[in-house]
Each structure stands twice: as structure tokens, then as C-alpha cells.
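All remarks here apply to the structure that follows.
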Amino acid sequence: MGFAKRIHEGYSTRKYDIDKKKIEEFIDRFFHFAFFLEYQRCSELSNIELRLEQFKKELKEIIHSVSGEDAHAKVEILFAVFPKIYEMLENDAQTILENDPAANSIDEVMISYPGFFAIAVYRFAHELYKINIPLIPRIWTEFAHSRTGIDINSGAEIGSHFFIDHGTGIVIGETTVIGDYVKIYQGVTLGALSVAKNLQNIKRHPTIENGVVIYANATILGGETIIGEHSLIGGNVWITESVAANSVVFHKGQVTVKNKYPNEEPIFFSI
């Protein structure tokens with residue numbers, strides 16, 4: 001089969017006709033609008049109501065490209081729950097402000113924190129995931145992933161007052177369950193012990209209960225692994241078994257510090 005013929009066949013048989021860039025731009029613009037990040041102030045209530053109707057119409061067109069005739073009903077469901085999601089995001093932003101000494105205001109969190117952007121996109125994508133809208137949730141969360149380095153699968157279940165600090169390299173798998181008031185730092189992986197395709201429909205990723213703190217580069221794997229509430233998981237640990245509530249888990253390594261000049265005379269190298 002010639003190369004051109006192969007591409008022609010791909011276009012002829014693909015399942016969806018979508019504009020990926022338009023889908024990404026939608027969630028980016030909606031985020032900026034919803035969290036007051038547009039340069040010009042939307043000072044008139046009637047203008048805000050009109051803009052929301054425009055966003056609803058756009059989302060309907062996007063969902064129609066993958067869901068067909070039930071797009072209208074699904075968009076109505078989504079916009080009905082968006083106020084609740086928005087309230088959760090306000091709580092997330094407040095939690096970031098209260099827990100990060102470097103954060104000076106809610107405005108700073110909403111404008112500049114990659115963790116907040118990734119959480120926001122995830123929370124909107126998760127609502128689409130729950131009503132079985134294909135493809136769009138993944139496009140949105142991968143867009144946030146490309147922007148922030150934070151990979152949150154839209155299928156994960158994440159409670160309220162969620163705090164991501166720094167964030168680069170975080171991976172949260174599809175069947176992860178995270179409780180309320182959980183803090184996660186950069187490089188954390190909440191993953192699966194096995195990636196076999198036949199495990200697709202079972203819980204593959206861990207459960208993190210309320211109030212847990214997970215420090216940088218910790219790896220927690222497995223669908224049966226539960227991190228008990230209010231536990232503290234130290235950096236660089238590898239966990240594949242459950243941890244009781246109120247535990248402290250840390251990697252014990254040996255660090256040696258010595259003078260780089262053990263003798264008074266300098267060291268010379270010949271190459």
C-alpha cells in the first residue's frame with residue numbers, strides 16, 4: 001500500500017471529525033473568562049450572561065462532533081453542575097494560598113500557578129468523563145499536561161481543597177481516588193502496578209485518603225494500595241502496599257559530608 005493511499009484510508013475511516021486546536025482553545029478561553037483573567041473587565045452582568053451563552057453554544061458544537069444528537073442534553077447537564085465545580089476550584093485556590101508561603105494572593109494563584117490551571121482543567125474534564133463524552137476530556141487534560149507538566153487523567157476522582165505545589169512531573173492515573181485536603185508535590189506518581197490492557201476496567205491506581213501529604217518524587221502504585229488518612233509520605237519513596245492512617249513513610253539514605261580539601265595542599269589533576 002502506498003503512503004498516500006494509507007493516509008487516504010485513514011481519513012476515510014476515522015471515527016470523529018474534530019478540530020483539536022478549537023477544543024484546546026475553548027477550555028483555555030473558558031478558564032481565562034471564569035477566573036477573571038481576561039485583560040478587559042467584564043463589568044456588565046448582561047455581558048457575562050451573554051458570554052456564558054456563547055460558551056455553551058461552542059461547547060455544544062464541540063460535543064456534537066463526538067456525541068451526535070444528544071449534545072444539547074449533555075451540555076445542559078454540564079452547565080448545571082459547573083457552579084458546583086467552580087466552588088470547588090475556589091476552595092482549591094484558597095487552599096493553595098493558605099499552604100504555600102510564596103503565594104501572596106488569590107489573584108496570583110489563579111493567574112500564575114500551573115497546579116491550579118491543571119486542577120481546573122481536570123475538574124471540568126472530569127464532568128465530561130462522568131457522562132461518557134469521548135475524547136474531549138482527554139484532549140483537555142493532555143492540553144493542561146503540555147502546559148504544566150502535570151498529567152491528571154480525567155477519570156481520577158479528586159476531593160475538595162486539593163493542593164498541588166510546583167507540580168512538574170506529577171502523574172495521576174485514571175482510577176486514582178483522592179480524598180479531601182490532600183497535598184501533592186512535584187514528581188509524584190500515582191500509578192498502576194501493571195499496564196496490561198486486560199486490566200482496563202478494574203481499579204489499577206491507589207487510593208489516597210483525606211489529609212495526606214505526598215512529597216516530591218514519591219511513587220505509589222496499585223489499585224489495592226490505600227494511603228491512610230493524615231499520613232505523611234516522604235520524598236523518593238516507592239510504595240506498593242497499603243499504609244495505615246497517621247503513618248510517616250520515608251526513605252532512609254546515608255548522606256556523607258566531608259571536606260573537599262582533606263589536606264592543606266591543593267589537588268592537581270593531569271589529563
Legend entry - Qualifying residues in region 175-192 (those that are touching a helix residue (DSSP H, G or I) at 6+ places or on another chain (Cβ under 9 Å) and not β-branched (Val, Ile, Thr)) - the one modelled with the lowest pLDDT: Ala192
Legend entry - Every residue from region 4-39 that is in a helix (DSSP H, G or I), touching a helix residue (DSSP H, G or I) at 6+ places or on another chain (Cβ under 9 Å) and of a type in the set (Phe, Trp, Tyr): Phe26, Phe30, Phe31, Phe33
Inset, instruction - Would you confirm whether any residue within region 19-29 is among the charged types (D, E, K, R) and more than 25 Å from Ile119 (Cβ to Cβ)? - result: yes
Inset, instruction - Please determine, by comparing only the residues of region 73-89 that are closer than 24 Å to Lys21 by Cβ and of a type outside the set (Val, Ile, Thr), which one is surrounded by the fewest Cβ atoms within 10 Å (Cβ to Cβ). - result: Phe79
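Check whether at least one residue in region 105-112 is within 23 Å of Asn132 (Cβ to Cβ) and β-branched (Val, Ile, Thr), and report yes or no. Talk me through it step by step, then tell me what you get.
Taking region 105-112 and keeping what is within 23 Å of Asn132 (Cβ to Cβ), we get none.
No: region 105-112 contains no residue that is within 23 Å of Asn132 (Cβ to Cβ) and β-branched (Val, Ile, Thr).
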Legend entry - Number of positions in region 221-249 that are more than 22 Å from Ala192 (Cβ to Cβ) and either not small (Gly, Ala, Ser) or not assigned by TED's automatic domain parsing to the domain that holds Glu209 (or both): 5
Inset, instruction - Give region 59-69 a look and list any residue that's of a type in the set (Asp, Glu) and surrounded by 13 or more Cβ atoms within 10 Å (Cβ to Cβ), or say none. - result: Glu61
Inset, instruction - Pairs only if they're at least six apart or on different chains, beta carbon under 9 angstrom, first in region 241-252 and on the phi > 0 side of the Ramachandran plot, second acidic (Asp, Glu); list them, first residue then second. - result: Asn246/Glu229
Inset, instruction - Among what's in region 1-44 and is touching a residue at least 12 places away in the same chain (Cβ under 8 Å) and aliphatic (A, V, I, L, M), pick the residue that is surrounded by the fewest Cβ atoms within 10 Å (Cβ to Cβ). - result: Leu37
Inset, instruction - Could you tell me whether any residue of region 240-250 is in a loop (DSSP other than H, G, I, E, B), modelled with pLDDT under 95 and under 26 Å from the mean Cα position of the chain (by Cα)? - result: yes
Legend entry - Qualifying residue in region 149-162 (condition: in contact (Cβ under 8 Å) with a residue 60 or more places away in the chain, crowded, with 18+ Cβ neighbours inside 10 Å and part of a helix (DSSP H, G or I)): no
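Taking region 202-236 as the search range and keeping residues that are part of a loop (DSSP other than H, G, I, E, B) and polar (S, T, N, Q), which one is nearest to His166 (Cα to Cα)? Spell out the reasoning first.
Taking region 202-236 first, the residues part of a loop (DSSP other than H, G, I, E, B) are 202-206, 209-212, 215-218, 222-225, 228-231, 234-236.
Still in the running and polar (S, T, N, Q): 210, 217, 225, 231, 236.
Details: Asn210: 21, Asn217: 12, Thr225: 25, Ser231: 20, Asn236: 16 Å.
Within region 202-236, the match that is nearest to His166 (Cα to Cα) is Asn217.
The values are calculated or read from the model by the stated rules, or taken from the named source; none is laboratory data. Every value quoted in this text rests on a predicted model; they were computed, and no experiment measured them. In this analysis, Cβ positions are derived from the backbone assuming ideal geometry, glycine residues included, and neighbour counts consider all displayed protein chains.
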